[in-house]
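A.B. asks: Structure incoming, see below.
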Amino acid sequence: MTSVLCRIGGKKGKLKEMIIKRMPVDFDLYVEPFVGSGGIYFGADLKNKKSILNDTDKDVMDLYRIMKNGFTMKEYNIPQQVEPQTRFAHATHTNPTDKLLSLIMLGCASFGGIGRKNNNKMYKPMSSNNIKRKLNHAMNNKEYLKNTRLFNTDYKNIIKKFDSPKTFFYFDPPYESSKKLYTTKKQSADEFNHEEMARVLKGIKGKFILSINNSSRIRDLFKGFKQTRVFVKGGSHHSKGDINTIGYDRDELLISNY
């Protein structure tokens, strides 16, 4: 299956293949507390598996809910210029198809995929063919989402509610370099609290894989877990690692408890 949402740090290519290959086979429930674009969820053939998807970004979860509930396909004749597409993307829509398309636009054609948060203009217009292709993919995702429950809450609430020996978690939290992408009422700082997450994961009952940037700080926080270093081409995350690896844009870690 194909994700229709574009998000900064979305998993694809070599890294996506490595994560899926390392997933266990003996789990009853799949859980993504930071689903974002859902590259792993859609790529792992989970159609017949009970799943939980969560993200604190309401726009992201609204998109998943529209796909899960279904919508009526429409033909669009939106001018292929930045200004009219920006107006459409930021407008308030009541029709599910219009809202879905606006969320796709905000995710795939605004800087960083977080256009509504900073009221960004589109940086490039979407073509009519791309709009149609995205909506077709979204419609096909309804069947895939049938066994999936959707949430919009803090990741710790999801762990508390769904952790068990038969649960498999895939964690893709904000990286160290991510700014203003994840905050809660209790966390006023711009950066995600990786120290807290390391403490939480030490008490988890289920199996998990965590993908994160490689740095000495991250390696130290998650010591005691299995750590695999991966060099990845492309993407927007830049490592704070100790080694400058020529030819690669991202220096990452896959961390697991099995």
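The values are calculated or read from the model by the stated rules, or taken from the named source; none is laboratory data. It should be emphasised that the depicted structure is a prediction, and the values quoted were computed from it without experimental measurement. Cβ coordinates were reconstructed from backbone atoms using ideal geometry, including for glycine residues, and neighbour counts include every protein chain displayed. SASA here: full protein model, heavy atoms, side chains in, ligands and nucleic acids out. Shrake-Rupley method; radii C 1.70, N 1.55, O 1.52, S 1.80 Å.
A.B. asks: Run the simple label-point estimate for residue 204 and residue 220 please: 7 Å along Cα→C-beta, distance reported in nm.
C.D. replies: Result: 2.3 nm between the two label points.
A.B. asks: Residues in the range 78-104 near a label at residue 129, defined as backbone nitrogen under 17 Å from the 7 Å Cα→Cβ point?
C.D. replies: 78, 80-81
A.B. asks: Express the accessible area of the range 27-115 per residue in Å², computed with a 1.4 Å probe while the remaining protein chains stay in the model.
C.D. replies: Per residue, the range 27-115 has 40 Å² of solvent-accessible surface.
A.B. asks: Within the range 30-111, how many lysine pairs that are 8 or more places apart, or on different chains, have C-alpha atoms less than 25 Å apart?
C.D. replies: Lysine pairs, 8 or more places apart or on different chains, close enough: 12.
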